[in-house]
Amino acid sequence: MSVHKPDDGEASSRRSDSRAVDRRPVTIHDLRAAKERGERFTMLTAYDHGSAALLDELGVPVILVGDSLGMVVLGYDSTVPVTLDEMLHHTRAVARGAPHSLVVGDLPFGTYQDGPSQALASATRMMKEARANAVKIEGGGPMVEVTAHLVRAGIPVMAHLGLTPQSVHQFGGFKVQGREATAADQLVEDALALQDAGAFSLVLEAVPTDLGTRVTEALEIPTIGIGAGPGTDGQVLVWHDVLGLSTGRLPRFVKQYADLRADIAGAVKAFQAEVADGEYPGPEHAY
């Protein structure tokens with residue numbers, strides 16, 4: 001995705017080294033402009049400085065520090081146990097590594113559901129202490145006023161509808177949402193309300209393809225799908241899923257683009273074998 005076209009002055013200042021192309025930070029307005037141009041874009045999760053720096057270098061426009069870190073980094077069985085302090089810790093690391101990508105920090109369960117005041121206190125910490133560029137909150141209904149309150153305070157909000165993992169116990173598991181007509185209509189209504197409240201984008205998770213397309217066409221703000229079909233404006237996946245580092249049964253929407261788990265296993269076994277055989281360290285590795 002090209003979120004920024006340099007003017008003549010910027011173009012003339014570019015160095016010949018293609019790795020050092022001048023870039024300005026991606027903003028929420030760039031995402032809106034991409035939707036208007038019909039350009040699809042990507043968002044990936046990151047949870048540490050190194051992975052964030054690589055994604056930033058590769059030009060990934062949006063990096064989500066998702067509360068999914070609870071499951072893929074911290075070993076929880078859901079996102080529910082994740083604390084705000086844990087989110088701040090990881091978001092700080094990501095923000096330091098990604099000066100050009102738009103860094104979005106998830107507000108974890110229990111840090112905004114009590115209403116606008118609690119949400120503002122949590123989001124302020126995410127912006128001031130963790131240096132996130134925006135926050136993400138889950139749900140519609142009462143979250144519409146929460147969103148409006150945050151936006152009035154100058155905090156960009158990414159909304160999230162469909163399967164909202166923080167409500168997994170209420171849903172009775174990780175299930176596709178919006179299959180019934182009434183539920184689909186309600187989701188569209190919530191999406192429009194969140195847009196009116198000032199959300200700059202909307203994540204749609206685990207909804208039927210036709211509903212993902214319907215919501216995308218109804219909104220002026222960009223949608224970002226994860227299990228919402230190809231009709232959304234952008235797509236997001238979890239870093240560990242993309243690289244083949246996840247274990248266990250994966251959701252249907254996951255596509256693994258590498259098998260780093262196997263590569264890492266091979267490297268570790270080779271290291272162990274060379275140490276056991278006395279092959280490593282060799283003369284070239286000694287002082």
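The set of residues in segment 175-232 that are among the polar types (S, T, N, Q) and in contact with an Asp or Glu (Cβ under 9 Å, 6 or more places away or on another chain) comprises 177, 195, 201, 216, 223.
Answer yes or no as to whether residue 233 is of a type in the set (D, E, K, R), in contact with a helix residue (DSSP H, G or I) (Cβ under 6 Å, 6 or more places away or on another chain) and either surrounded by 11 or more Cβ atoms within 10 Å (Cβ to Cβ) or not assigned by TED's automatic domain parsing to the domain that holds residue 44 (or both). First the steps, then the outcome.
Details: of a type in the set (D, E, K, R): yes; in contact with a helix residue (DSSP H, G or I) (Cβ under 6 Å, 6 or more places away or on another chain): yes; either surrounded by 11 or more Cβ atoms within 10 Å (Cβ to Cβ) or not assigned by TED's automatic domain parsing to the domain that holds residue 44 (or both): yes.
Yes.
Just checking, how many residues over segment 253-284 are in contact with a Leu (Cβ under 9 Å, 6 or more places away or on another chain) and not charged (D, E, K, R)? Please lay out each step first, then the result.
Applying the first criterion (in contact with a Leu (Cβ under 9 Å, 6 or more places away or on another chain)) to segment 253-284 yields 253-261, 264.
Narrowing the set further to residues that are not charged (D, E, K, R) leaves 253-254, 256-258, 260, 264.
Summing the residues that are in contact with a Leu (Cβ under 9 Å, 6 or more places away or on another chain) and not charged (D, E, K, R) in segment 253-284 gives 7.
In segment 107-127, which residue that is small (Gly, Ala, Ser) and assigned to a loop (DSSP other than H, G, I, E, B) is surrounded by the most Cβ atoms within 10 Å (Cβ to Cβ)? Spell out the reasoning first.
Quick first cut of segment 107-127, residues small (Gly, Ala, Ser) only: 110, 115, 117, 119, 121-123.
Next, only the ones that are assigned to a loop (DSSP other than H, G, I, E, B) stay: 110, 115.
Details: 110: 15, 115: 12.
Only one residue tops the list, namely 110.
Checked against the criterion of being touching a residue at least 60 places away in the same chain (Cβ under 8 Å), surrounded by 13 or more Cβ atoms within 10 Å (Cβ to Cβ) and either in the same structural domain as residue 75 (by TED's automatic domain parsing) or touching a Ser or Thr at 6+ places or on another chain (Cβ under 8 Å) (or both), segment 208-219 contains not a single residue that satisfies it.
Against the list (1) modelled with pLDDT of 95 or more; (2) under 17 Å from the mean Cα position of the chain (by Cα); (3) polar (S, T, N, Q), the condition residue 272 fails is (2).
The rows are residues; the columns are (1) hydrophobic (A, V, I, L, M, F, W, C); (2) over 23 Å from residue 223 (Cβ atoms); (3) surrounded by 16 or more Cβ atoms within 10 Å (Cβ to Cβ).
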site	(1), (2), (3)
68	no, no, yes
75	no, yes, no
105	no, no, yes
132	yes, no, yes
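Residues considered: 249, 179. Of these, the only one that is more than 18 Å from residue 107 (Cα to Cα), surrounded by fewer than 23 Cβ atoms within 10 Å (Cβ to Cβ) and in contact with a Pro (Cβ under 8 Å, 6 or more places away or on another chain) is 179.
Do we have residue 48 as acidic (Asp, Glu) and touching a residue at least 12 places away in the same chain (Cβ under 8 Å) here?
Details: acidic (Asp, Glu): yes; touching a residue at least 12 places away in the same chain (Cβ under 8 Å): yes.
Against the criterion (acidic (Asp, Glu) and touching a residue at least 12 places away in the same chain (Cβ under 8 Å)), residue 48 qualifies.
Scanning segment 46-83 for residues that are out of contact with any helix residue (DSSP H, G or I) (no Cβ under 6 Å at 6 or more places or on another chain) and closer than 16 Å to residue 135 by Cβ yields 62, 64, 66, 67, 68, 83.
Filtered by the rule that a residue be surrounded by 10 or more Cβ atoms within 10 Å (Cβ to Cβ) and either part of a helix (DSSP H, G or I) or among the charged types (D, E, K, R) (or both), segment 268-287 gives 268, 269, 270, 271, 272, 273, 274, 275, 279.
The values are calculated or read from the model by the stated rules, or taken from the named source; none is laboratory data. Computed from a predicted model, the values in this text were never measured in an experiment. Reconstructed Cβ throughout: ideal geometry from the backbone, glycine too, with neighbour counts over all protein chains shown.
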